[in-house]
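**Student:** One structure is given below, represented as structure tokens, and several questions about it will come after.
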Amino acid sequence: MERVLITGANRGIGLEFVRQCLARGDTVLAGARRPDEARELDELERRFGEMLHILPLDVTDDTSIAGAHRSALTRVDGLDLLVNNAGINEGSHDAGGRRLYVRLGSLSAPDTLRVLHVNTVGPLMVAQAFLDLLRRGRRPRIAGISSGLGSITHAGGGGYAYNMSKAALNMATRMLSIDLRGEDIVSVAFSPGWVRTDMGGSQAPLAPAESVAGMLGVIDGLTMEQTGEFLSWKDGKRLEW
């Protein structure tokens, strides 16, 4: 059994991480920006009781992060896994909600910065805030949920904010791995595949359950030799930056 913190846990990939970690007996801290609207988490809490703790957590708000950390300290004495999953794209309500791929000529600085804040700066601030608990973990790992769209090698047009934010998350992952290597804390980024979620859309070929099961399988077998890498959800294969 592990102690796991999952951000953006109220829907999509994050919610599936909660389900699968609970099913295998983990103690889960589920961060959600608006927990009063997280009905699926409430149902899981009724089912799993003290195995699940729902924490109000807005990864763009330092006060919210600090509050979630204080709450976590009363529930666990260490963290074995941090899943930095919270994220938005240009079509998300929090980023202006205009459309998925905003192209050159219609870019908005505030919308772009909002995506970067949630997807890149937020995960870094959460990792920093929870380092004390990770240091007390058993084989502690940080898993950032990135995207194949963050690969500079395979970049296409459009989607500036989202693609940039995931490329930057990959860099943050690598830098964390360097700073934390001496403490035996593994830091990796994952491409979860194209997943059927609110962000991925109904045409995506991959179910959340399949993607998360693959990532958890890789996470369970992570070694320090893999720290700082960008990995495939399916088999842990190293992906091109």
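**Student:** Run PRO56 past the list (1) at pLDDT 95 or above; (2) within 24 Å of LEU180 (Cβ to Cβ) and report the number of the one that doesn't hold.
**Tutor:** (2)
**Student:** I'm trying to understand the selection: among the residues of the range 25-41, which are of a type in the set (A, V, I, L, M, F, W, C) and part of a helix (DSSP H, G or I)?
**Tutor:** If the condition is that a residue be of a type in the set (A, V, I, L, M, F, W, C) and part of a helix (DSSP H, G or I), then LEU41 is the only one that fits.
**Student:** Going by what's in this entry, would GLY236 be described as farther than 29 Å from ARG103 by Cβ, modelled with pLDDT of 95 or more, outside any helix (DSSP H, G or I) and touching a helix residue (DSSP H, G or I) at 6+ places or on another chain (Cβ under 6 Å)?
**Tutor:** yes
**Student:** Picking from LEU22, LEU44, which residue would you name as being of a type outside the set (S, T, N, Q), part of a helix (DSSP H, G or I) and in contact with a Phe, Trp or Tyr (Cβ under 6 Å, 6 or more places away or on another chain)?
**Tutor:** Result of the check over LEU22, LEU44: LEU22.
**Student:** Return a yes/no flag: does the range 206-218 have any residue that is of a type in the set (Val, Ile, Thr) and farther than 20 Å from ARG19 by Cβ.
**Tutor:** Within the range 206-218, not a single residue is of a type in the set (Val, Ile, Thr) and farther than 20 Å from ARG19 by Cβ.
**Student:** Now, a different point. Can you tell me how many residues within the range 51-74 are out of contact with any Asp or Glu (no Cβ under 9 Å at 6 or more places or on another chain), over 30 Å from THR112 (Cβ atoms) and touching a residue at least 12 places away in the same chain (Cβ under 8 Å)?
**Tutor:** 2
**Student:** Between residues in the range 191-219 that are touching a residue at least 40 places away in the same chain (Cβ under 8 Å) and at positive phi and residues that are surrounded by fewer than 21 Cβ atoms within 10 Å (Cβ to Cβ) and not charged (D, E, K, R), which pairs lie under 7 Å by C-beta distance while being six or more apart or on different chains?
**Tutor:** GLY193/LEU206
**Student:** Another question about this same structure. Condition first: over 24 Å from SER202 (Cα atoms) and either without any contact (Cβ under 8 Å) to a residue 24 or more places away in the chain or of a type in the set (Ser, Thr, Tyr) (or both). Now tell me which residues in the range 1-23 satisfy that.
**Tutor:** Residue satisfying the conditions is ALA23 alone.
**Student:** Next question, about the same structure. Within the range 11-37, can you find the residues that are of a type outside the set (D, E, K, R) and surrounded by 22 or more Cβ atoms within 10 Å (Cβ to Cβ)?
**Tutor:** Listed by number, the residues that qualify are GLY12, ILE13, GLY14, LEU15, PHE17, VAL18, CYS21, VAL28, LEU29, ALA30, GLY31, ALA32.
**Student:** Quick check on PHE48: is it in contact with a strand residue (DSSP E or B) (Cβ under 7 Å, 6 or more places away or on another chain) and either under 21 Å from ALA167 (Cβ atoms) or not charged (D, E, K, R) (or both)?
**Tutor:** When the stated conditions are applied, PHE48 does not pass them.
**Student:** Here's a follow-up. Filter the range 123-172 down to the residues that are among the hydroxyl-bearing types (Ser, Thr, Tyr) and within 29 Å of THR74 (Cβ to Cβ) and list them by number.
**Tutor:** none
**Student:** Given the condition more than 18 Å from ALA86 (Cβ to Cβ) and within 14 Å of the chain's Cα centre (by Cα), answer yes or no: does some residue in the range 140-149 qualify?
**Tutor:** no
**Student:** Give the range 43-57 a look and list any residue that's within 15 Å of ALA86 (Cα to Cα) and crowded, with 20+ Cβ neighbours inside 10 Å, or say none.
**Tutor:** ILE54, LEU55, LEU57
The values are calculated or read from the model by the stated rules, or taken from the named source; none is laboratory data. This one's a predicted model, so the numbers in the text were calculated from it and none came from an experiment. In this analysis, Cβ positions are derived from the backbone assuming ideal geometry, glycine residues included, and neighbour counts consider all displayed protein chains.
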